[in-house]
Each structure stands twice: as structure tokens, then as C-alpha cells.
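The values are calculated or read from the model by the stated rules, or taken from the named source; none is laboratory data. Being a predicted model, the structure only gives us computed values, none of them experimental. Glycine gets a Cβ as well: all are built from the backbone with ideal geometry, and neighbour counts include every protein chain shown.
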Amino acid sequence: MRSGVKRFMDICGALVGLGVTALLFLPMALAIRLDSPGPILFSQVRCGWMGRHFRIWKFRSMVSNAEKLKGNVVNQAQGAFFKNDNDPRITRVGRILRKTSLDELPQFWNVLIGDMSLIGTRPATPDEVRRYAIPSWQRFDVRPGLSGEWQVSGRSSIRDFEDVIRLDLRYQQNWSLGYDLQLIAKTFLVLFSKDSGAA
């Protein structure tokens, strides 16, 4: 899925988002560091357009050795992704960052350099992709998004990977610039609702 107007919209949105990130960086960095030792930012390899690997950036919301501890946490989701409502690896500040989605602000950099789009599919990890059935690869026809159908359709309550695929394919089938704008508007409504944020 390629569109010059969509890319222009991504660049403009990313520049605004990075401006907000710059304003909030120091107080958020201080809160993260005081709450838990370790780096301010967290990076992880994800699979983007056509399955190409890229490094996604977030404000760290878990303990610094979270990846090593993952095997000790029960996965409450079904299929090729991981979710736990009370993940003990999440820090106190991290829960606030996730509830408000502030942990995702650094991803505007990913949008600016073209790894992601403002609106798209859910960015998957390589270990999730290794478990895909062949039809699931269709979701890589679209760049992963900072937001998307999964974000505005109750991402915290989604437990089955097949529901993620269904939402991603619905986005691909219905895509237009107008639809992107609708999803951007819905994203803001979700962010400012009491039930926003990731589990």
C-alpha cells in the first residue's frame, strides 16, 4: 500500500509528535529512572512492510531485564502474540505510561523515517511471525501503524490472534485517506477515554 499523500501525512504527524515528545522527554525520563534502574528507552525488533525487520522505540515501561523474565509470565492470549493483564514486569510508572499510551511517543521517529505509519497494522515481533499460518502474511502488505483498527477496537481486551488478523485485514480492505483520518480521530477519543491504554 503506497500513497504519496499518506506518506506526507505521516511526516507531518511525526514532526508534531516528536515535538510533543521533546517537551515531555525530561520529566518522563526522570520518572522512569527514579522508578526503576535501567535505560530510558526500550527498543525491540519488529516486522514491518513486506516482513522487513526494523527496530521500534518506546519509553521503557518494564524492568530492564523484562525479556529474560518473559518465560515466567503466563500468556493470557491465544495464538501468535503475548498478553498478560497483570504482568509483574511492568513498573509503577510504566503502568501510567501504558494507560496513557505515552510510552509509544518515541515511535513517531519510526514514522518519520518510514518504518511505520501513523495508521496501519499491529507491528509484530519476529517470534510471533514464525508462528503465522501462510494467510496471515497478507498483513505485511501494509506498514505497521502507531495506531490502527486494533487500537480503536479495544486492544486491551483482544485475546485471540485471529481477531488481530481480522482487524488488520479489515483495514487493508477499507483503506483510504479518509479512513485513515477517521481512525486518527477515533484514536484520540480512545486515548482520552477512561478505558484507554494497553494492559
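Kindly establish whether D127 is in contact (Cβ under 8 Å) with a residue 60 or more places away in the chain and among the acidic types (D, E). Step through it out loud before you land on a result.
Details: in contact (Cβ under 8 Å) with a residue 60 or more places away in the chain: no; among the acidic types (D, E): yes.
Spelling it out, it is not the case that D127 is in contact (Cβ under 8 Å) with a residue 60 or more places away in the chain and among the acidic types (D, E).
Sort out which residues of segment 91-124 are more than 22 Å from L181 (Cβ to Cβ), hydroxyl-bearing (S, T, Y) and in contact with a strand residue (DSSP E or B) (Cβ under 8 Å, 6 or more places away or on another chain), and write them in order of number. Steps first, please.
Narrowing segment 91-124 to residues more than 22 Å from L181 (Cβ to Cβ): 91-100, 102-103, 106, 109, 113, 124.
Pick out the ones that are also hydroxyl-bearing (S, T, Y) and you get 91, 100.
The one that is more than 22 Å from L181 (Cβ to Cβ), hydroxyl-bearing (S, T, Y) and in contact with a strand residue (DSSP E or B) (Cβ under 8 Å, 6 or more places away or on another chain): T91.
Yes/no matrix, rows are residues, columns are (1) of a type in the set (A, V, I, L, M); (2) more than 17 Å from P123 (Cβ to Cβ):
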site	(1), (2)
M28	yes, yes
A31	yes, yes
L34	yes, yes
L41	yes, no
Q44	no, no
S64	no, yes
N72	no, yes
V93	yes, yes
K99	no, yes
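Condition first: within 16 Å of the chain's Cα centre (by Cα) and in a helix (DSSP H, G or I). Can you find one or more residues in segment 62-78 that meet it?
Applying the first criterion (within 16 Å of the chain's Cα centre (by Cα)) to segment 62-78 yields 62.
When the remaining residues are screened for being in a helix (DSSP H, G or I), the result is none.
Among the residues of segment 62-78, not one is within 16 Å of the chain's Cα centre (by Cα) and in a helix (DSSP H, G or I), which makes the answer no.
I40 fails exactly one of the following numbered conditions: (1) crowded, with 18+ Cβ neighbours inside 10 Å; (2) closer than 20 Å to R95 by Cβ. What is the number of that condition?
(1)
To keep it simple, each residue is scored yes or no on (1) loosely packed, with under 12 Cβ neighbours inside 10 Å; (2) at pLDDT 90 or above; (3) of a type in the set (A, V, I, L, M, F, W, C); (4) over 14 Å from R89 (Cβ atoms).
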residue	(1), (2), (3), (4)
A31	no, yes, yes, yes
R46	no, yes, no, yes
G51	no, no, no, yes
F54	no, yes, yes, yes
F59	no, yes, yes, yes
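Keeping to segment 31-60, report how many residues are assigned to a loop (DSSP other than H, G, I, E, B), under 13 Å from the mean Cα position of the chain (by Cα) and of a type in the set (S, T, N, Q).
Of the residues in that region, 0 qualify.
For residues in segment 133-145 being farther than 20 Å from I56 by Cα and either among the hydrophobic types (A, V, I, L, M, F, W, C) or at pLDDT below 70 (or both), which is nearest to the chain's Cα centre (by Cα)? Lay out the reasoning, then the answer.
First, pick out the residues of segment 133-145 that are farther than 20 Å from I56 by Cα: 133-136, 138.
This time we only want the ones that are either among the hydrophobic types (A, V, I, L, M, F, W, C) or at pLDDT below 70 (or both), so: 133-136.
Working: A133: 22, I134: 23, P135: 22, S136: 18 Å.
Checking each candidate, the answer is S136.
Just to be sure before I move on: is R92 of a type in the set (K, R), surrounded by 19 or more Cβ atoms within 10 Å (Cβ to Cβ) and more than 18 Å from W150 (Cβ to Cβ) in the structure I sent?
Working: of a type in the set (K, R): yes; surrounded by 19 or more Cβ atoms within 10 Å (Cβ to Cβ): no; more than 18 Å from W150 (Cβ to Cβ): yes.
Judged against the criteria, R92 is not a match.
For segment 68-89, check the following and say yes or no: at least one residue is acidic (D, E), surrounded by 15 or more Cβ atoms within 10 Å (Cβ to Cβ) and in contact (Cβ under 8 Å) with a residue 24 or more places away in the chain. I'd like the intermediate steps shown before the answer.
Kept after step one, since they are acidic (D, E), are these residues of segment 68-89: 85, 87.
Of the ones still in play, those that are also surrounded by 15 or more Cβ atoms within 10 Å (Cβ to Cβ) are 87.
The next check asks that each one be in contact (Cβ under 8 Å) with a residue 24 or more places away in the chain; those that pass are 87.
The answer is yes; a qualifying residue exists.
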